[in-house]
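A short worksheet on the structure shown next.
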Amino acid sequence: MCDASILRCRSSAIVYFHRATMLSILFLLLCLTEHGFAKEPPDVECIVVHLSSVHCFWNKQGTPEVNYTISSWFNSETPSECVTYLSQNSTNTGCIRPYKKNQRFGSFYTKLTYGNSTFQTTHDLKARVKLNPPTNLTVQNGSDSNLWFYWNQTSTRCVESEVRYRINNKKWQTSEVSVGRQKYCINLISSSSQYELQVRSRIGNDCGKSLFWSDWSQPVVWGSNNGTEPNQPNSSMTVWTTVLSVMGPFTLILLVIMLLHHERLRIIFIPVVPKPSLIHHDIENWLQMSKGLKEGFKASYNERACPVREYCHVSQSDSESSDSSTFSVTTDQTDCSISIPSNESEESTACSSSSEDEQVSV
């Protein structure tokens with residue numbers, strides 16, 4: 001009897017032992033399985049925006065599957081839950097909270113919560129500042145023939161800027177502007193070129209240099225209209241320039257061909273210059289006088305002749321008077337209305353023919 005009871009006790013102990021072992025293994029497997037399927041909490045990233053607010057996000061790896069809540073605080077503050085959430089598909093993905101001056105130089109804490117799980121993170125915001133893009137951009141052509149670019153930034157202290165510009169839509173050229181300056185100059189501009197400019201800003205070294213530049217400002221364009229205007233394409237000007245550059249040489253070649261092969265057109269466009277000549281009718285044709293004007297220059301042989309007569313009279317005194325002499329010549333020109341006798345005509349002719357042999361008495 002005793003041996004039988006001992007055997008029963010041993011078998012019972014063995015059974016209980018196996019059950020306990022199986023339960024322990026099962027519990028261990030459940031713990032391992034739960035740990036394996038549990039997801040890590042999302043990373044929380046925070047940034048100071050324009051020194052006015054703190055933006056925190058936890059959707060870097062994608063939209064979370066659950067709705068987290070977040071609490072945050074700076075040093076010497078008590079935790080406060082977020083008031084303004086950013087969401088995506090009705091799921092919280094970020095939070096915006098106010099920012100006070102110089103708070104970024106201290107530690108910032110966040111605590112992400114879902115159910116009974118909490119995940120706390122410590123942030124250093126000193127170099128995590130992003131400013132808004134500059135505003136009120138203008139561009140002017142100065143009296144010094146340089147192009148001046150101006151802008152406004154809400155906070156000018158400790159702010160450095162970077163300008164980029166391109167000419168005729170070519171490659172961008174960048175240049176940094178010293179802290180506090182809100183203008184930039186491009187030297188020796190070309191009035192026939194188009195200039196496009198943009199600017200961005202960030203906190204400089206004097207106030208804890210930021211890792212982040214602001215976004216680029218809206219572009220301003222200076223071109224042929226010499227003014228500030230939005231960035232607009234010049235497609236119409238490009239089309240007309242192309243058409244004119246193609247049609248211009250074609251039209252010129254066509255005109256040359258027409259002038260060479262059509263005599264009439266050549267005469268119209270390029271009149272032939274006459275060659276001077278001493279021939280009378282060539283000169284008249286060259287001058288191209290009217291018929292009435294030509295008739296006026298022709299000689300009229302129907303006019304009455306106007307004769308001219310000359311009287312020569314020589315008087316001689318006595319030959320004995322050797323100390324005195326008299327010489328007289330009388331000339332008279334008659335009018336055309338006076339008739340001339342034939343003997344007088346002969347006398348005149350004789351006088352005129354012998355005009356060189358004058359009669360002189362001494």
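What follows is calculated from the coordinates using simple rules that are stated; it is not laboratory data. Keep in mind it's a predicted model, so treat the numbers as computed, not measured. Glycine also receives a Cβ, built like all others from the backbone with ideal geometry; neighbour counts cover every protein chain displayed.
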Quick one: net charge around residue 128, please, counting Lys, Arg +1 and Asp, Glu -1 for every other residue with C-beta under 12 Å from its C-beta.
+3
By per-residue mean of other Cβ atoms within 10 Å, what is the highest-first order of 150-161, 97-108?
150-161, 97-108
Grab the other residues whose beta carbon is less than 15 angstrom from that of residue 179, score K and R as +1, D and E as -1, and report the net.
+2
Quickly work out the residue 154-to-residue 167 label distance, labels modelled 7 Å from Cα along the C-beta direction, and quote it in nm with one decimal.
3.7
Counting only residues 5 or more apart in sequence or on a different chain, those whose built amide H sits under 5 Å from that of residue 86 are 93, 94, 95, 96
Taking 0.36 nm per residue of separation between residue 176 and residue 67 and subtracting their Cα-Cα distance, the length gained on full extension comes to 34.9 nm
If amide H atoms are built 1.01 Å from N in the plane of the peptide, which residues on other chains or at least 5 residues away come under 5 Å of the amide H of residue 220?
197
If r is the Cβ-Cβ distance from residue 256 to residue 211 and R0 is 51 Å, what FRET efficiency results, to the nearest 0.05?
0.15
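Please compare each pair in 100/130; 100/209; 60/183 to a cut-off of 25 Å on the Cα-Cα distance and tell me which ones are over it.
Values: 100/130 15 Å; 100/209 18 Å; 60/183 37 Å.
As for pairs spanning more than 25 Å Cα to Cα, those are 60/183.
Using Cα-Cα distances under 8 Å and only pairs 6 or more residues apart, what relative contact order does segment 52-188 have, in percent?
So the answer I get is 17 percent.
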Would you kindly derive the ³J(HN,Hα) couplings of segment 114-128 from the backbone phi angles with the Karplus curve 6.51 cos²θ - 1.76 cosθ + 1.60 (θ = phi - 60°), listing them in order in whole Hz, with x for Gly and Pro?
9, x, 8, 9, 10, 9, 9, 9, 9, 10, 10, 9, 4, 9, 10
Would you calculate the separation in nanometres between label points at residue 246 and residue 218, each defined as 7 Å from the Cα along the Cα-to-beta-carbon direction?
3.6
Whole-number value, in Å³ per residue, for the convex hull of the alpha carbons of segment 104-190 is 162
